[in-house]
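Visitor: My structure is below; once you've seen it, I'll send some questions.
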Amino acid sequence: WIRGREKIYKSKTSIQDFIFAKEVRLGTYSAKASVVPPAAIVAAKAMALDPRAEPKYAERVQYVVVHGHPGARLVDMVVSPETLVSKDRGLRLNEMYYISKQIVPALERVFSLLGA
């Protein structure tokens, strides 16, 4: 676990290991909703650049979580994997998010099953 965490911090892991892919159902989210799913945010950003990028109903949209300004919400820190790998953006994965919000809770569930 420690070596894996060090690999994440040193960016020695594949970006593919950090990609989320969630279904998007554009047109079904309430206009009054304060937060829409991260995948819908990424789809909307793609459609702003190219209207033909609109995902089909229930299509999975890929996204990653990158570093944002202090206090930024999750929806402000999601981008497409293509945006992350483009060199001109200067973005990097938010390793703390992945460790604290994804990896640690999963490990806690496993350890609780084992009685640890």
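The values are calculated or read from the model by the stated rules, or taken from the named source; none is laboratory data. Everything numeric here is computed off the predicted structure, so don't read it as measured data. FYI the Cβ positions are ideal-geometry reconstructions off the backbone, even for glycines, and counts take in every protein chain you see. Side chains included, ligands, DNA and RNA excluded: accessible areas come from the protein's heavy atoms. Shrake-Rupley method; radii C 1.70, N 1.55, O 1.52, S 1.80 Å.
Visitor: Please compute the per residue accessible area over the chain with all protein chains in place, 1.4 Å probe, rounded to a whole number of Å².
Guide: Accessible area per residue, the chain: 72 Å².
Visitor: Oh, and also: Counting other C-beta atoms within 10 Å, and keeping those with at most 14, which DSSP coil chymotrypsin sites (Phe, Trp or Tyr not before Pro) do you find in the range 44-102?
Guide: Taking the range 44-102 and a limit of 14 other Cβ atoms within 10 Å, the loop chymotrypsin sites (Phe, Trp or Tyr not before Pro) found are Tyr57.
Visitor: Starting at 0 and stepping by 5 Å, how many percent of the alpha carbon pairs of the chain end up in each bin?
Guide: 2, 10, 17, 21, 18, 14, 9, 5, 2, 0, 0
Visitor: Ok, one more. Only helical DSSP H runs with n ≥ 4 go in: add -39500 (n - 2.57) per run for the chain, normalise by residue count and round the 222 nm mean residue ellipticity to 500 deg cm²/dmol.
Guide: After summing the helix terms and dividing by the residues of the chain, the value is -9000 deg cm²/dmol.
Visitor: Also, I was wondering about something else. Provide, in order from the shortest bin, the percent of all Cα-Cα pairs of the range 67-116 in each 5 Å bin, continuing until the bin that contains the maximum pair distance.
Guide: 4, 17, 20, 19, 14, 9, 9, 6, 2, 0
Visitor: Between their Cα atoms, which of Lys12/Lys56; Lys7/Lys56; Lys45/Lys101 are more than 29 Å away from each other?
Guide: The pairs that break the limit, which is 29 Å between Cα atoms, are Lys12/Lys56; Lys7/Lys56.
Visitor: Another one. For a paramagnetic label modelled at 7 Å from the Cα of Thr13 toward its Cβ, which residues of the range 45-68 fall within the zone defined by backbone nitrogen distances under 13 Å?
Guide: 65
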